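Beneath this line is the structure, given in structure tokens, with notes to follow.
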Ligand SMILES: Nc1nc2c(ncn2[C@@H]2O[C@H](COP(=O)(O)OP(=O)(O)OP(=O)(O)O)[C@@H](O)[C@H]2O)c(=O)[nH]1
Ligand SMILES: [Mg+2]
């Protein structure tokens, strides 16, 4: 990763030739002083979320077995990348699931036994192993996935010994029993010392029912029915709406996983200086309490998105696909940039994906700690120059404040200029409070429902003030508008001719809507629709015929 710390003026974040903007950037609109208090009692939010479920089921396995293939069968959907290569799963990938009406959390982990010899020095492999241990410690039931086709190998015995020590019930899933003739081979795994061996075929969905029934039966009765006496209160499930999904997206190594760990004050996801550390999308439940109001979010850690032609192998291909899927399923995209690297072409492409999906967005310029010092020095230099009037009139002013940097980012990501820009450091915690405040603010904007009367007055005035420019000299007649969707905010506008809605004119109207209703961080969609010419005559005809029939009735009764 090119980590060239530029000076304030040399860094791509602060070019000398930037024109000054007069508009107040959005970063300035967020107040300084709200530091949301996290629900301390709940502990780390991700563990609270697990605790709120009936049980955390850990899938543990040797790296070679295609353990993750078992997960889709158990939860009914694909939750993790499935690949033949060992060691693909690194983070703990979890999914909320239900089995015959019983909710539980299924946790998929990296394979045990990966970290031996040389690999032990591998920082990611070691971190993946730590994640497996966390999953073992927090699970109520453990499913050890082994490969029935290979039979018992020494590594299975090692893993079994380790699981026996943890004292939790262990079910052995002998996977790859695709045909009945291999079923007998599964019995061999009894030598691992666990009584419950289940021959399964994850890809053919065979034997999964028996496995899941057995797992559910191992749940303590009380945890299914409700919390045990004296246990921590479970995190309440949001009843009205699902928690807001925040996808943390960006290039490799910009600090996406670090931000998630910093926000949740945990080591929930693996961080390393090696680009491409995160491979799968990982959902991390997260709770914030501000002024007594508790908000639940799902932070989605994603794999860094690289240029298409640089994508090295099929694992990376799937990782990128999962990141793109995460953008599609999120409510707000937290788009992370690297303060040192500035805005690259690839950043613009990722921004384009967020725009194409019509997602609300917050731009995060992370690793600000790395440029902070240079910015401070530049500020002092600029202040001195201004005092001494040493600056030549034509010389551009250096950018020295966050407000100016924010404007610069918005200019360069002009297609996302509705998104607030927040400068953070996952390392020092700088402005994480602002980030959370910004999330709350954008979420509130996204929930707006504009009353039709006010909407129509606003649009009417805007169109009166400025008509679209047309070569044919037609005038735009606006009949009425209505908000047809909250997310993304979508407005249907009935007009005489939709072809008068050029892109610049739509931009003008969206700008007017933003001026009136804010919608910061949200894309605003206008759908012009020519009003059918037949509507008016039909209505008039109906009204006339109603009047006529009324007269006839009146006449008849007289
Ligand atoms: N100085 C500094 N370093 C940071 C900051 N955030 C992350 N890093 C470092 O940047 C490197 C990459 O961090 P990750 O969080 O793994 O980055 P990522 O975007 O998740 O990377 P991928 O998963 O590979 O896409 C690590 O060495 C982090 O310690 C920050 O705010 N300041
Ligand atoms: Mg990562």
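Values in this text are rule-based calculations from the coordinates and carry no lab data. Please read these numbers as outputs of a predicted model, since none were measured by experiment. Quick reminder, even Gly has a Cβ in these numbers, built from the backbone with ideal geometry, and neighbours come from all protein chains shown.
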What is the Cα centroid distance between region 264-342 and region 410-487, reported in whole angstrom?
25
Using a simple spin-label model with points 7 Å from Cα along the Cα→Cβ vector, what separation in nm is obtained for residue 126 and residue 356?
4.0
Percent relative contact order for region 452-535, counting Cα pairs under 8 Å at least six residues apart, stands at 32
How do the peptides 335-348, 145-158 rank, highest first, by the average count of neighbouring beta carbon atoms within 10 Å per residue?
335-348, 145-158
Would you mind getting me the FRET efficiency between residue 529 and residue 474? Use the beta-carbon distance for r and R0 = 25 Å, nearest 0.05.
0.90
Förster radius 35 Å - calculated FRET efficiency between residue 190 and residue 133 (Cβ-Cβ, nearest 0.05):
0.85
For a protection proxy built on the mean count of beta-carbon atoms within 10 angstrom, sort 465-471, 259-265, 410-416 highest first, please.
259-265, 410-416, 465-471
Using a simple spin-label model with points 7 Å from Cα along the Cα→Cβ vector, what separation in nm is obtained for residue 503 and residue 547?
4.8
Extending each Cα 7 Å along its Cβ direction at residue 376 and residue 204, get the distance between those two points in nm, one decimal.
6.6
Arrange 507, 196 by Cβ neighbour counts within 10 Å, fewest through most, would you?
507, 196
Fraction of antiparallel bridges per DSSP, region 452-535 only, in percent to nearest 5:
50
